[in-house]
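Below: one structure, written as structure tokens.
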Amino acid sequence: MIGTNIHLMIGLESHIQLATKSKLFCSCSTNSSAEPNENTCEICLGYPGTKPTLNKEVVRKALMLAKIMNCKINYNSKFNRKIYFYPDLPKSFQITQYEEPIAVKGEFSIDVSASRLPNGANLSGAALDHSATAATEKKTIHITRAHIEEDPGKIEYVGGHIGTAKYVLVDYNRCGVPLCEVVTDPDFRSIDEAVTYVKKLFHLLSYLDIIDPNQEGVMRTDANISINGGKRVELKNISGSDALEKALKSELSRQSFLFAQGKVIEQETRMYSEETGTTILLRKKEQEEDYGYIREPDLLPITIDDAFVQDAWKQMKKLPEEVESEIISKYKLSKQIAYQLAFKRGLYAYYQSCLKYLKNSDLLAKWLVGDFLKCANWHNYEIEKCPSSEKLIEFMQMIETGKISEREGKELIKKMFDDPKKGLGDLAEKKGVDLDSVISEVLKENQKSVDQIKAGDPKAINFLIGQVLRKAGFKGDPNEIRKKLEKLLT
Amino acid sequence: MSVTESTEKAIEELHKINKKYTCFVTTTEDYARKRANELTISKKKGALHGIIISVKDNICTKGIKTTAGSAILSNYVPTYNATVIERIEQEGGIIIGKTTMDDFGFGTFNVNVGEGIPIPKNPHDISRSSGGSSGGSGAATAAFSSNSTVAERLAPTHLSLSESTGGSITSPAAFCGVVGFTPSYGRVSRYGLIDYANSLDKIGTMGKTVSEAEQLARVIFGKDAKDETSLVVQEKPAKKVKKVAIIKEMLQGVDEKILTAFWKSIELTGIPYEEISLPSLEYAVASYYIIATAEASSNLSRYTGLRYGAQEEFSGSFNDYFSSIRSKYFSAEEKRRIILGTFVRTAGYKDKYYLKALKIREKINHDFHILFKKYDALLSPSMPIIAPKFDEISKLKPIEIYALDSCTIPPNLALLPHLSIPIGKVNSMPVGLQVICDSLDENTLFEFGKQIESLVKYK
Ligand SMILES: [Zn+2]
């Protein structure tokens, strides 16, 4: 077990894919759902003679990121070539900012206890357990730098992984997609802190549309971890906060074990294997490549002025806290509901578009932060993957008119998420219940009541309706049952 | 004469010339005929209407093989046109072929060529080099018949699109007795130029006269959205050149007979001059080779036999495969520059070489900038020697060859526009005068060049 005398230090380098329509240096689309190598051109494939030209939209997004990290903006940043050979790198160099990054020296505040971040905020989700009002202890994480660079292509290891695959396939769609790498100081003192940071960063970046959380691998993190002032080990390319937590835990126990045995922890690069649940050695320090960085002579320095920075920041969406206040003042909702409605990315806009066709804003909010959000988080869905607002409006109208009960409503929302292609009518259909056969059964079992009705007691029919409903699992319209019974008994 | 007829005549001449001087890697007769027909049908008459253009083989031409003189690209056919090619076609120029060159521009004599790529012969003496790296362009420009003095066009004028990194236009222009023009960095888009050293590469032109070189240059000038380093230039009228400077450091190591020819031409022009010293030039050649090879080694790292160019049956790991392709298809000179360039940017040596070379370049640029406050132009011999014989070249060490760039490197490193103008002959071989003007002041350069041309009267 990890002893109490272990002093842990973690620093993170997150590769964040900025949400732009086109790539960093060419006009190819960044859409990740394209066929392999569909989104490529002479430039991103590095054909001889082609030259990169900077996509200014990337700079705007990077400036937004710099703002939320409270970084100092570099008004004159530059690109370099990082030269190494790999099949996913068409030019055999990556264009990155090495000497002069676009932003430096930032600060990012996190709540030191991960439990204080709402449970639902699992790399795409929002809050269910609202605990933002609990006393929070803030910790500042220092940001070393943030720089812009191009993503290499993607390698598919056919029939195995890096060690076992016979051959690989290369997909250059991702090649040239804009990344912003955010490097922290080694400020994290626990795994929880590191995981909290990644969760919060992911949530904020997607909330502000700086990244598109629906794209695969949109945030990949390298972690530097050391214990008791020993050598640091770099864990490469970890996607998502769950994997980060597992990777750090596994590496911490490996290092703690070595430390307990009095062995030396060597400086090396490792990767986390989901298969074995352990970290695997990639290379030792002596095997580290020298990248021979030079200036990128085809690109001008990114020269920006205050007007450009302000313009980029003006285009930024509101932060969750700002949205929360707006909800409270505009819709007079409770702080708790407003918080949850504001926290989940896109939920407030969704709320507003539904409300145009509905009367009861309180009721809508209650359903959205309730069962709707519960299902979204269970499925780990971004708002785009949730049932459409048209569907939800139809649903809320059924609730508002009393066409379905609250209990039926809860069931129906679940079905809307489970079976997104089906229309609401189909989902709400009382399936599996043949009302006529239930009625004939009930009539057989309650001869006494039948006799009473035939004798002219009108109240007895209510008892029979209740029996039918119970037997049908409350899936039936009482008026319809009454009509059917009256027809049979008169 | 119609464009179709004149093009046929030019094709005939092309075959004769190429047989004698082997200055083309690829000739494009069918393409030229097709273009001539299109031009005949179209009513539009551009600035290059019907003019025959040869293009250095490191400039990408869509559907036409572009080798950059290297075996590793000997089968490479680009899928797009360089911006300069688009502009030439828009103005009615007819591309007749791709001229041979040292691999990726690595050379001064056009003898460093990949397998299957011809070494051009000097039209003044086929036992001699036509210079490099744009040797094919130099030889073709000298060999094609001229009409610039004939009022009625007998054959279309031939012009050549070439390129210089450290002197690759001036060297062949001087050796072949033609005019070579190298623009200021940024005046011509490099989009589609296969990179040697991106911060130094400049597409320029060659013709028999300054006016001819200028005619093609005017078509390719201009900002291009595809090349960030290309510039929007506010045209200023040509200055009258009143005072020129001759830099002593650029006369060092120049052959005595060439010096005599140089001074004689200065005398003929009658322009007032001052002899001055620019001590920072001592480091120009070293600084140039460090920056150029550092960039070149990164540019050449993309040739791995994976996506285009030379390919072989895959075997082993990707590292094994890349190494085998690069070992087999890169020439000795390519390997030399890759190793040199990788060394100077390696951690531990980078400060000492690459970063220091960048500082020297800045210093030299600054020194030139100061000079142009006082002088309107600078003059020097184009090359320190006349075109050497092929058997002499083989005896030279690489470092001796690099030293021959001492006249051409200063303006190339400082990204200044310059011309090489033929001024006379030494041992029956042409000698050139190099004229350098201030950055982006091509107008003065061309006017001054024409003035020199008329006063010196080279034949
Ligand atoms: Zn592209």
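The values are calculated or read from the model by the stated rules, or taken from the named source; none is laboratory data. Everything numeric in this text was worked out from a predicted model, so none of it was measured. Backbone-built Cβ (ideal geometry, glycine too); neighbour counts: all protein chains shown. Areas reflect the complete protein model, heavy atoms only, side chains present, ligands, DNA and RNA absent. Shrake-Rupley method; radii C 1.70, N 1.55, O 1.52, S 1.80 Å.
Check segment A:56-68 and report whether any residue there is more than 14 Å from the ligand (Cβ to nearest atom) and in a loop (DSSP other than H, G, I, E, B).
no
Residues that are in contact with a His (Cβ under 7 Å, 6 or more places away or on another chain) and open to solvent by less than 60 Å² (accessible area, probe 1.4 Å): list the helices (runs of 4 or more DSSP H) wholly contained in segment A:273-372 that include at least 1 such residues.
Values: elements: A:306-314, A:320-331, A:335-343, A:347-355, A:361-367.
Counting at least 1 such residues, we get A:335-343.
Determine whether A:SER33 is away from chain B (no Cβ under 14 Å), out of contact with any helix residue (DSSP H, G or I) (no Cβ under 6 Å at 6 or more places or on another chain), without any contact (Cβ under 8 Å) to a residue 12 or more places away in the chain and not basic (Lys, Arg).
Judged against the criteria, A:SER33 is a match.
For segment A:80-93, does any single residue satisfy the condition of being open to solvent by 20 Å² or more (accessible area, probe 1.4 Å), within 16 Å of the ligand (Cβ to nearest atom) and not in a loop (DSSP other than H, G, I, E, B)?
Within segment A:80-93 (the criterion being open to solvent by 20 Å² or more (accessible area, probe 1.4 Å), within 16 Å of the ligand (Cβ to nearest atom) and not in a loop (DSSP other than H, G, I, E, B)), the answer is no, since none of the residues qualifies.
For segment A:203-245, name all the residues that are surrounded by fewer than 20 Cβ atoms within 10 Å (Cβ to Cβ) and either free of Cβ contacts under 8 Å to residues at least 24 places away in the same chain or assigned to a helix (DSSP H, G or I) (or both).
A:LEU204, A:SER239, A:ASP242, A:ALA243, A:GLU245
Scan segment A:124-131 and give yes if some residue there is modelled with pLDDT under 95, in contact with a Leu (Cβ under 7 Å, 6 or more places away or on another chain) and among the small types (Gly, Ala, Ser), otherwise no.
yes
Which residue pairs have Cβ atoms under 7 Å apart, sit 6 or more places apart or on different chains, and have a first residue in segment B:344-363 that is under 22 Å from B:LEU416 (Cα atoms) and a second that is assigned to a helix (DSSP H, G or I) and of a type in the set (A, V, I, L, M, F, W, C)?
These pairs meet every condition: B:TYR354/B:ILE290; B:TYR354/B:ALA294; B:TYR354/B:VAL344; B:ALA357/B:ILE290; B:ALA357/B:ILE291; B:LEU358/B:ILE291; B:ARG361/B:ILE291; B:ARG361/B:LEU413.
Scan A:ILE383, A:ILE453, A:ILE481 and give me the residue that is open to solvent by less than 60 Å² (accessible area, probe 1.4 Å) and under 30 Å from A:ASP209 (Cβ atoms). Before you say what the answer is, go through the steps one by one.
On the way: A:ILE453 fails: under 30 Å from A:ASP209 (Cβ atoms); A:ILE481 fails: under 30 Å from A:ASP209 (Cβ atoms).
Just a single option satisfies the conditions, and that option is A:ILE383.
Across segment B:54-80, which residue is nearest to the other protein chains (Cβ to nearest Cβ) among those that are part of a strand (DSSP E or B) and either surrounded by fewer than 24 Cβ atoms within 10 Å (Cβ to Cβ) or free of Cβ contacts under 8 Å to residues at least 60 places away in the same chain (or both)?
Our first condition is that a residue be part of a strand (DSSP E or B); within segment B:54-80, this holds for B:54-56, B:59, B:61, B:64.
Right, trim to either surrounded by fewer than 24 Cβ atoms within 10 Å (Cβ to Cβ) or free of Cβ contacts under 8 Å to residues at least 60 places away in the same chain (or both) and you get B:61, B:64.
Working: B:THR61: 10, B:ILE64: 13 Å.
Per the criteria, the residue is B:THR61.
Can you name every one of the helices (runs of 4 or more DSSP H) wholly within segment A:376-490 that holds 3 or more residues which are of a type in the set (Lys, Arg)?
A:406-418, A:478-489
Looking at segment B:325-366 only, could you name the residues that are outside any helix (DSSP H, G or I), of a type outside the set (Lys, Arg), at the interface with chain A (Cβ under 10 Å from one of its Cβ atoms) and open to solvent by less than 50 Å² (accessible area, probe 1.4 Å)?
If the condition is that a residue be outside any helix (DSSP H, G or I), of a type outside the set (Lys, Arg), at the interface with chain A (Cβ under 10 Å from one of its Cβ atoms) and open to solvent by less than 50 Å² (accessible area, probe 1.4 Å), then B:THR346 is the only one that fits.
Which one is least open to solvent (accessible area, probe 1.4 Å), of the residues in segment B:399-419 that are at pLDDT below 95 and of a type in the set (Gly, Ala, Ser)? Reasoning before the result, please.
Restricting attention to segment B:399-419, the residues satisfying the condition of being at pLDDT below 95 are B:399-406.
Next, from what is left, pick out any that are of a type in the set (Gly, Ala, Ser): B:403, B:406.
On the way: B:ALA403: 55, B:SER406: 29 Å².
Among them, the one singled out is B:SER406.
Out of segment A:1-45, which residues are under 22 Å from B:TYR80 (Cα atoms), surrounded by 14 or more Cβ atoms within 10 Å (Cβ to Cβ) and of a type in the set (Asp, Glu)?
A:GLU42, the sole residue that qualifies.
Quick one: is B:HIS15 more than 22 Å from the chain's Cα centre (by Cα), closer than 30 Å to B:SER394 by Cα and surrounded by fewer than 24 Cβ atoms within 10 Å (Cβ to Cβ)?
On the way: more than 22 Å from the chain's Cα centre (by Cα): yes; closer than 30 Å to B:SER394 by Cα: yes; surrounded by fewer than 24 Cβ atoms within 10 Å (Cβ to Cβ): yes.
Yes, satisfied.
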